[in-house]
Amino acid sequence: MFISNFRYIQPICLPNAGMSSRTFIGERPVALGWGSTHYGGAEVGTLRGVDLPVWSQTECDAAYFQVNNHKLPCLGKKSS
C-alpha cells in the first residue's frame with residue numbers, strides 16, 4: 001500500500017531480512033518517541049531520542065531476576 005506524503009504521516013525504512021540474524025551487541029540503537037521523560041510525567045510535544053546500548057544475553061541474565069526469552073533485545077544503560 002502506498003501512502004502519499006502527508007504532514008504527519010511519512011514512510012519509514014524497515015530492516016531487510018538479512019538483519020534478523022545480527023545480535024547488535026555493543027551497538028547503540030536510538031529509541032524515539034513523544035512519551036513522558038519520567039514515570040507519571042506529562043507527554044512532550046517534541047520528538048525525543050535516547051541511545052540504548054544492546055547487552056549480551058549473559059549480561060542481561062546476570063542483571064535481571066527474570067530471564068529474557070532470547071526473542072527480545074536486552075538494552076539500556078547500566079547503573080553505576
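Share of the range 29-80's accessible area from carbon and sulfur, percent, 1.4 Å?
Accessible surface attributable to carbon and sulfur in the range 29-80 totals 58 percent.
For the chain, C13 stand unpaired, since no other cysteine beta carbon lies under 4.7 Å from theirs. Amide H to amide H, which residues 5 or more places from L75 or on other chains are under 5 Å from it, using H placed in the peptide plane? Amide H neighbours of L75, under 5 Å, 5+ apart: W55.
Kirkwood hydrodynamic radius for the chain: how many Å is it when counted over pairs of different Cα atoms?
Numbers: mean 1/r = 0.0637 Å⁻¹.
Taking the inverse mean of 1/r over all distinct Cα pairs, the chain comes out at 15.7 Å.
Potential lengthening of the chain between R7 and S36 amounts to 8.1 nm, from the contour at 0.36 nm per residue minus the alpha-carbon distance. Surface analysis of the chain yields an accessible area of 92 Å² per residue, using protein heavy atoms and a 1.4 Å probe.
This model, with +1 at the C-beta of Lys and Arg and -1 at the C-beta of Asp and Glu, gives the chain a dipole about its Cα centre of some 140 debye.
The values are calculated or read from the model by the stated rules, or taken from the named source; none is laboratory data. These numbers were taken from a predicted model, which means no experiment stands behind them. Backbone-built Cβ (ideal geometry, glycine too); neighbour counts: all protein chains shown. Quick note on the areas: whole protein, heavy atoms, side chains included, nothing else; ligands and nucleic acids left out. Shrake-Rupley method; radii C 1.70, N 1.55, O 1.52, S 1.80 Å.
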